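Quick notes on the structure that follows.
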Amino acid sequence: MNLRPWSLIAAVAALSASPAVAQPAAAPQPPDIAKAMLDAAAETLDAAQVAAVIHAASQVFPDEADAIEAYGDMLRARLSPLAGAGPIEVVISEDDPDKVEKKATPPRTADKELQSAPAPRFLDLGDWTGSVSASGLVATGNSENAAAGILAEAQLPRGDFTHNLRSYFDYGRSQGVKNQQRWGASYKLDYSINERSFAFARFSYDEDEFSGFDYRLFAGAGYGRWLVQNEDVALKVEGGPGYQYAPIDDTNEIDREFAFYGATEFDWVIRTGLKFEQDFNATWTSETSTLISTSTISTAFTDSLSTGLSYMYRYETNPPAGRVNEDTTVRANLTYGF
């Protein structure tokens, strides 16, 4: 083997610099801004966030993509033993102020208990979506007056279950005398059978001081189905058996009856920001049946604020003595969605 003199000198110098094994060249470093973003993502202890930053930074700095990926992979490898350990604590070395270390802070005992026994999905409550509406209204029938009202509705999907809450309160006075007071609340739990069908359980309480009933309590279950469900139009029907308990004001009798509940909901987005809704529900018992139809048209100002008009028609087939069959309510609504 023939070696040129300068080649031999270079080889000897390399061996002299590394007595045992030659040291590999230092790994290339990503750009400072990309490195800072990767470090910030790593502090969340979420490897998925680090991966997302790797992808984004590689697009911004394509020439440095290899260095970015190498540095990001190193951070993700370090996250494996720290996953679920708790928040990152930054520690500055007393001996060397320029040396900064990061370590995971062990979770508190309560946190460990929560992690070891997570809540069932059915009870895992999180952010609700829904709306709150304030309204001015004019009523005719058993109450003939102008009044004010508030309505709140909220839904929470959790796996195959959906929690539905609804509450309302209407109140009116004229010349110092109360002439309307209605309020109520309901809870409905839907269980998805498939994309179109669901089973439900429903509980409701309604009190109308001028209706002739002290209050009405209903509990039931049933089956529902989405007949149409797309971006512009949705139509849902549901129904099932239940039990209604309704004390009567004047006679102190109690209407305890097997009942059947049925409802339809129709939503139509006429155009962006303009929506029409038609809801109908009926509760049948052998003594009396209650039918309620509500038509609403609303216009959106922003993603969360809208205004609209609604008309409610209520019909009681056999109301208590001295009460009329029909009630109507016209409302002007201001609604905030969340």
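Which pairs do you get when a residue that is on the phi < 0 side of the Ramachandran plot and in contact (Cβ under 8 Å) with a residue 60 or more places away in the chain, found in the stretch 229-246, comes within reach of a residue that is surrounded by fewer than 13 Cβ atoms within 10 Å (Cβ to Cβ) and in a strand (DSSP E or B), reach meaning Cβ atoms under 6 angstrom, with the pair 6+ apart or on two chains?
The qualifying pairs do not exist here.
Within the stretch 293-312, is there a residue that is outside any strand (DSSP E or B), closer than 27 Å to Ser211 by Cβ and not β-branched (Val, Ile, Thr)?
Within the stretch 293-312, none of the residues are outside any strand (DSSP E or B), closer than 27 Å to Ser211 by Cβ and not β-branched (Val, Ile, Thr).
Scan the stretch 308-328 residue by residue and report those that are among the β-branched types (Val, Ile, Thr) and under 30 Å from the mean Cα position of the chain (by Cα).
The answer is none; no residue qualifies.
Looking at this structure, is Thr307 within 25 Å of Val237 (Cβ to Cβ) and in contact (Cβ under 8 Å) with a residue 12 or more places away in the chain? Step through it out loud before you land on a result.
Values: within 25 Å of Val237 (Cβ to Cβ): no; in contact (Cβ under 8 Å) with a residue 12 or more places away in the chain: yes.
It is false that Thr307 is within 25 Å of Val237 (Cβ to Cβ) and in contact (Cβ under 8 Å) with a residue 12 or more places away in the chain.
I need the full set of residues from the stretch 61-73 which are surrounded by 14 or more Cβ atoms within 10 Å (Cβ to Cβ) and either assigned to a helix (DSSP H, G or I) or of a type in the set (S, T, N, Q) (or both), in order please.
The answer is Glu64, Ala65, Ala67, Ile68, Glu69, Ala70, Tyr71, Gly72.
So which pairs qualify, if the first residue must be in the stretch 207-226 and of a type in the set (Asp, Glu), the second must be not in a strand (DSSP E or B), the Cβ gap must be under 8 Å, and the two must be at least 6 apart or on different chains?
Going by the 8 Å Cβ cut-off, the qualifying pairs are Glu207/Asp214; Glu207/Tyr215; Asp208/Asn142; Asp214/Asp249.
Considering Thr317, Thr283, Thr328, which residue is within 22 Å of Ser133 (Cα to Cα) and touching a strand residue (DSSP E or B) at 6+ places or on another chain (Cβ under 8 Å)?
Matching residue, one of Thr317, Thr283, Thr328: Thr328.
Residues checked against (1) closer than 30 Å to Glu316 by Cβ; (2) surrounded by 15 or more Cβ atoms within 10 Å (Cβ to Cβ); (3) modelled with pLDDT of 90 or more:
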position: Leu114; (1), (2), (3): no, no, no
position: Ala117; (1), (2), (3): no, no, no
position: Leu125; (1), (2), (3): no, no, no
position: Ser133; (1), (2), (3): yes, yes, yes
position: Leu137; (1), (2), (3): yes, yes, yes
position: Asn145; (1), (2), (3): yes, yes, no
position: Leu151; (1), (2), (3): yes, yes, yes
position: Pro157; (1), (2), (3): no, no, yes
position: Ser167; (1), (2), (3): yes, yes, yes
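Would you pick out the residues in the stretch 218-234 that are open to solvent by 90 Å² or more (accessible area, probe 1.4 Å) and in contact with a Gly (Cβ under 8 Å, 6 or more places away or on another chain)?
Tyr223
Would you pick out the residues in the stretch 235-259 that are open to solvent by 20 Å² or more (accessible area, probe 1.4 Å), modelled with pLDDT under 95 and either hydrophobic (A, V, I, L, M, F, W, C) or under 28 Å from the mean Cα position of the chain (by Cα) (or both)?
Hits for the stretch 235-259 are Ile248, Ile254, Phe258.
Given (1) out of contact with any Gly (no Cβ under 6 Å at 6 or more places or on another chain); (2) of a type outside the set (D, E, K, R); (3) not in a strand (DSSP E or B), identify the lone condition not met by Val324.
Only one criterion in (1) out of contact with any Gly (no Cβ under 6 Å at 6 or more places or on another chain); (2) of a type outside the set (D, E, K, R); (3) not in a strand (DSSP E or B) is unmet by Val324, namely (1).
Only one of (1) open to solvent by less than 80 Å² (accessible area, probe 1.4 Å); (2) in a strand (DSSP E or B) fails for Tyr191. Which number is that?
(1)
Say we look at the stretch 261-270 and pick out the residues that are buried (at least 17 other Cβ atoms within 10 Å of the Cβ) and of a type in the set (Phe, Trp, Tyr); which of these is farthest from Arg323 (Cα to Cα)?
Phe266
Scan (1) within 24 Å of Tyr215 (Cβ to Cβ); (2) open to solvent by less than 70 Å² (accessible area, probe 1.4 Å) for the single condition Ser197 breaks and write down its number.
Failing condition for Ser197: (1).
Of the conditions (1) open to solvent by 70 Å² or more (accessible area, probe 1.4 Å); (2) touching a Leu at 6+ places or on another chain (Cβ under 9 Å), Asp303 clears all except one; give me its number.
Asp303 satisfies every listed condition except (2).
Identify all residues within the stretch 306-338 that are touching a Lys or Arg at 6+ places or on another chain (Cβ under 9 Å) and crowded, with 18+ Cβ neighbours inside 10 Å; write none if there are none.
Across the stretch 306-338, the qualifying residues are Ser306, Gly308, Ser310, Glu316, Asp327, Thr329.
Considering every residue within the stretch 138-146, establish whether at least one is in contact (Cβ under 8 Å) with a residue 60 or more places away in the chain, at positive phi, in contact with a strand residue (DSSP E or B) (Cβ under 7 Å, 6 or more places away or on another chain) and not in a strand (DSSP E or B).
Scanning the stretch 138-146, I find at least one residue that is in contact (Cβ under 8 Å) with a residue 60 or more places away in the chain, at positive phi, in contact with a strand residue (DSSP E or B) (Cβ under 7 Å, 6 or more places away or on another chain) and not in a strand (DSSP E or B), so the answer is yes.
If you take the residues of the stretch 282-300 that are open to solvent by 30 Å² or more (accessible area, probe 1.4 Å) and over 29 Å from the mean Cα position of the chain (by Cα), which of them is nearest to Ala263 (Cα to Cα)?
Leu291
The values are calculated or read from the model by the stated rules, or taken from the named source; none is laboratory data. Model, not experiment: these values are computed from the prediction. Glycine gets a Cβ as well: all are built from the backbone with ideal geometry, and neighbour counts include every protein chain shown. The area values use the complete protein model at the heavy-atom level, side chains included, leaving out ligands, DNA and RNA. Shrake-Rupley method; radii C 1.70, N 1.55, O 1.52, S 1.80 Å.
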